[in-house]
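S.K.: One structure, as structure tokens, below. Some questions next.
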Amino acid sequence: MLQYRRTLYEVRLPRISFGSCIKDRKKRKKEATRSQNVEVHVAIAIVGLIAGITVVIAATVALATDEASTRTSIAVASTTALVAAQCVEVAERIGADRDHIPAVVSFTVNVRSARDIMTLRALAETCE
């Protein structure tokens, strides 16, 4: 019985034209860019949502009647402000434009109702 041994030169590779190789590369690059843009938009939307929540919590500090609820509201407001600052850093690190983030934050400072918060939440949710 003869045994067939393949040498390195006998292995056949699939034939791919140069044009299709370039086309595949462009497609992968386009998908990577699209994916990064989605990540940036999600990060910016989350920054806006957290900033809006911070504004609402800070507004409740003014409405607090007793000292214990005032302290709790201040602690929660400062914590959400810290989370918002961290989200801003992450958004900038993954490529968000420095001019875009203040625009989103200034938009969310004008949050007046639960409907505004739900709009920000929906925006962050649909970016995924």
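S.K.: So, R0 is 35 Å and r is the distance between the beta-carbons of Arg98 and Arg15; what FRET efficiency does that work out to, to 0.05?
M.R.: 0.15
S.K.: Taking 8 Å as the Cα distance limit and 6 or more residues as the minimum spacing, I'd like the relative contact order of the chain as a percentage.
M.R.: Relative contact order, the chain: 37 percent.
S.K.: Using the 2.2 N^0.38 Å rule of thumb for compact globular proteins, work out how the stretch 47-94 stacks up: its C-alpha Rg over that value, please. Each step should come with its number before you reach the end.
M.R.: Details: Rg = 12.2 Å, N = 48, 2.2 N^0.38 = 9.6 Å.
Scaled against compact globular proteins, the figure is 1.27.
S.K.: Now, a different point. Need the full-extension length gain, Thr126 to Gln86, defined as separation in residues times 0.36 nm minus the C-alpha distance. One decimal, nm. Present the calculation step by step, with values, prior to reporting the outcome.
M.R.: Details: separation 40, 0.36 × 40 = 14.40 nm, distance 2.16 nm.
Between Thr126 and Gln86, full extension yields an extra 12.2 nm.
S.K.: Ordered by residue, what ³J(HN,Hα) values in Hz, to whole numbers, does the stretch 97-108 give under the Karplus form 6.51 cos²θ - 1.76 cosθ + 1.60, where θ = phi - 60° and Gly and Pro are x?
M.R.: Along the stretch 97-108, the couplings run 5, 5, 7, 6, 5, x, 5, 5, 5, 5, 5, 7 Hz.
S.K.: Okay, moving on. If you split all Cα-Cα distances of the chain into 5 Å bins from zero, what percentages do you get per bin, shortest first?
M.R.: Bins of 5 Å from zero give 2, 10, 13, 14, 12, 8, 7, 6, 4, 4, 4, 4, 3, 3, 2, 2, 1, 0, 0, 0 percent of pairs.
S.K.: What residues from the stretch 49-92 fall in the zone where the backbone N is under 20 Å from a label point 7 Å along the Cα-to-C-beta line of Asn37?
M.R.: 91-92
S.K.: Something else about it: On a full-extension model of 0.36 nm per residue, what is the gain between Ser106 and Lys27, subtracting their alpha-carbon distance, rounded to one decimal in nm?
M.R.: 24.8 nm
S.K.: Taking neighbour Cβ counts within 10 Å as the exposure measure, how do Leu63, Leu123, Leu49 sort from fewest upward?
M.R.: Leu63, Leu123, Leu49
S.K.: Taking the beta-carbon count within 10 Å as an exposure proxy, list Val47, Val61 from fewest neighbours to most.
M.R.: Val61, Val47
S.K.: Straight-line reach from Lys29: which aspartates and glutamates have Cα under 16 Å away, leaving out those fewer than 8 places along the same chain?
M.R.: Excluding near neighbours in sequence, the set is Glu39.
S.K.: Per-residue ellipticity at 222 nm for the chain, helices alone: DSSP H runs ≥ 4 residues times -39500 (n - 2.57), over residue total, nearest 500 deg cm²/dmol? All intermediate terms of the calculation are to be shown ahead of the outcome.
M.R.: Values: 4 runs with 96 residues, N = 128.
So the helix-based figure for the chain works out to -26500 deg cm²/dmol.
S.K.: Right, here's the next one. Go through the stretch 74-90 residue by residue and turn each phi into a ³J(HN,Hα) via Karplus (6.51, -1.76, 1.60, θ = phi - 60°); whole Hz please, and just put x for glycine and proline.
M.R.: For the stretch 74-90, the Karplus curve yields 5, 5, 5, 4, 5, 5, 5, 5, 5, 4, 4, 5, 5, 5, 4, 4, 5 Hz.
We did not get these values from a lab; they are worked out from the coordinates using the rules stated. None of the values given here were measured: they were computed from a predicted structure. Ideal geometry is used to build each Cβ from the backbone, glycine not excepted, and the neighbour counts take in all protein chains shown.
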